[in-house]
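For reference, the structure is listed below as C-alpha cells.
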Amino acid sequence: MLAQEIIRAKREGRALDETQIQHFVRGLVDGSWSEGQVAALGMAVFLRGMGRDEAVALTRAMMRSGRVLAWADMPGPVLDKHSSGGVGDKLSLMIAPMVAACGGYVPMIAGRGLGHTGGTVDKLEAIPGYTTAPAPADFDRIVRTLGCAVIGQTGDLAPADKRFYAVRDITATVESVPLITASILSKKLAAGLQGLAMDIKCGNGAFAATPEFGRELAQSIVDVAGGAGLRTRALITDMNQVLGREVGNALEVRGAIDYLTGRQPREARTHELTLALCAEMLVLGGLAPDTAAARVKLQAALDSGSAAERFAHMVAALGGPADLLEKPNTHLAAAPVVRPVPAPRAGRVVAMQTRDIGLAIVELGGGRRLPGDTLDMRVGFDRFAQLGDIVSAGEPVAFVHAADEASAQRAIEQVLDAITIDDAPAWTPAPLVMEELG
C-alpha cells in the first residue's frame, strides 16, 4: 500500500477504509510516512473532510499507537473532563478532586497552554515540587488510592497524535473538526475512561469562535466517542469573558484553592460550570441518578471539605507541599509588581475581547511564544471584573501582576483596550451553558 495512493484517495474526496487509516497511523509512529506525506494527508482531510466511520477508525488507530491504560478491579467508574481551551479556565483543578470525593476515579491527563489559552499542566507546575510526569506505577497507585491524579501527556500515550498534531500546527490544518475530534479522543480512550464530559468553549476567547463551529465540534466528539465505545456528554459553554476572576498560572492555582476551601465567595459562573461538568460525570458514571442529585452530592463534598482534602493529598502525593492549602502564599510565587487597572469612566462592563486578554498573559511571560519557552508562573490578572459589573471612574477592573513596571503598564493598556464600559442601564447575562449534546 502506497502513501501517495492514500493521499490521492482523500484528495479526490473518497472515504478511507480502516486498512488505509491504520497504514497511515503506523507510518506516523515508525517514520515510514515522510513529513510531506503527513502534511499532504492532513491538508486533504482539512479540505475534503471525514465521515463518522473514518473519524472513528482514525481515533481508534491513534489510541492504539501506544500504551492503553487499563483499570482492572477499580471499585468505581473511571471518568474525565476535557475542555477545548479558554482564558481563566482552572476548572480541572477543582473537578478532579470533587468527582473523586463523590466516588469517581479521575486519571486526568492534561495539556499545556496553546496560543492565548492556558493549560492545566502549566498551572500545576506553578506548585513547587509537583511532578506532572510521574512513573506509570505511581500514577496508577495515586489514582487508585486517592481517586484522582492530574498529570501531563506521556510520550507513550497516543504517540501518533503527537506527531500528527505537530505537523498540522505548522501547515495550517489544525482547524479540522474530524482531526480535532480524533486528537482529543485518542488520548482520552488511551486513558481507559468509561465516561467523558466535554466542555466546548465558544466565543471570542475560544478556539470555536462561533456557535455553529462549537456545535459542529461538540456533535462530532459525541458521535465519534460513541462510535468508539466511550459514553460522552458535551456542553457548549460561553467564553466571551474570562472565566472567574483570576488569569495566570499561580494566580489560578490560588483561585482553585479558594474555591475548594470556600475561603472566598465562589464566583458565580465558575461555580455553575464546575457543578454542571462534575454533575455530568457523576451521571455518566452511575454515581447519581440525575444532575440535580449529582449537584447535591458535589455541594456536600465542597461543604464538608472532602474535595479540598482530596486535592491536598493529590498535590502531596505528586511531590508538592503537604501544606499548600493552609499556606498557599508561602509556596506559590508572587509577582514583584502589582498594579490596578483603573476604569476610564463610570458605567457597566458590557463587552470583553477575551482572546486579547489571553494574549496579554503571553506578553507578560505567562504563556509561550515558542514551544520551549520558560513561563513566568507569577504573572497574570486577578480581581477581574465580569460582564454586567458596574464600576466607578478610576475603580480597578482588574489587578496586573507583572515582573516589572514596564510590563505592568503595557498590560494595563491591553486590558483597557479589551473591555468596553457603557451606560447600559440593565443587564441580561448570556447563558453560560449554551447547549448540551450526548
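The values are calculated or read from the model by the stated rules, or taken from the named source; none is laboratory data. None of the values given here were measured: they were computed from a predicted structure. Backbone-built Cβ (ideal geometry, glycine too); neighbour counts: all protein chains shown. Calculation scope for accessible area: heavy atoms of the full protein, side chains included, ligands and nucleic acids excluded. Shrake-Rupley method; radii C 1.70, N 1.55, O 1.52, S 1.80 Å.
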Residue match in the range 301-315 (condition: among the aliphatic types (A, V, I, L, M) and open to solvent by 40 Å² or more (accessible area, probe 1.4 Å)): no
The range 250-270, subset closer than 12 Å to ASP382 by Cβ and either touching a helix residue (DSSP H, G or I) at 6+ places or on another chain (Cβ under 6 Å) or of a type in the set (Val, Ile, Thr) (or both), residue most open to solvent (accessible area, probe 1.4 Å): GLN264
Complete set of residues in the range 36-59 that are over 14 Å from GLY227 (Cβ atoms), among the aliphatic types (A, V, I, L, M) and open to solvent by less than 30 Å² (accessible area, probe 1.4 Å): VAL38, ALA39, LEU41, ALA44, VAL45
Within the range 317-384, strands (runs of 3 or more DSSP E) holding 1 or more residues that are under 30 Å from ALA166 (Cβ atoms) and open to solvent by less than 70 Å² (accessible area, probe 1.4 Å): 380-382
Test: residue in the range 258-266 that is of a type outside the set (A, V, I, L, M), under 18 Å from THR120 (Cα atoms), out of contact with any Lys or Arg (no Cβ under 9 Å at 6 or more places or on another chain) and at pLDDT 95 or above: no
Filter pass, ALA126 being buried (at least 18 other Cβ atoms within 10 Å of the Cβ) and assigned to a loop (DSSP other than H, G, I, E, B): yes
GLU436 vs. criteria open to solvent by 70 Å² or more (accessible area, probe 1.4 Å), in a strand (DSSP E or B) and at pLDDT 95 or above: yes
Candidate set: the range 60-78, residues that are more than 11 Å from PRO159 (Cα to Cα) and either free of Cβ contacts under 8 Å to residues at least 60 places away in the same chain or in contact with a Pro (Cβ under 9 Å, 6 or more places away or on another chain) (or both); chosen: the one most open to solvent (accessible area, probe 1.4 Å): ASP73
Residue tally, condition open to solvent by less than 30 Å² (accessible area, probe 1.4 Å), closer than 20 Å to GLN241 by Cα and part of a loop (DSSP other than H, G, I, E, B), over the range 87-115: 5
Set GLY76, GLY66, GLY119, GLY103: member being among the small types (Gly, Ala, Ser) and on the phi > 0 side of the Ramachandran plot: GLY103
Residue check for LEU189: of a type in the set (A, V, I, L, M), closer than 26 Å to ALA137 by Cβ and in contact with a strand residue (DSSP E or B) (Cβ under 7 Å, 6 or more places away or on another chain): no
Output for the range 1-23, where each listed residue is in contact (Cβ under 8 Å) with a residue 24 or more places away in the chain and touching a helix residue (DSSP H, G or I) at 6+ places or on another chain (Cβ under 6 Å): ALA3, ILE6, ILE7, LYS10, ARG11, GLY13, ALA15, LEU16, GLU18, ILE21, GLN22
Residue that is surrounded by the fewest Cβ atoms within 10 Å (Cβ to Cβ) [pool: residues in the range 16-34 that are of a type in the set (A, V, I, L, M) and over 14 Å from VAL56 (Cβ atoms)]: VAL29
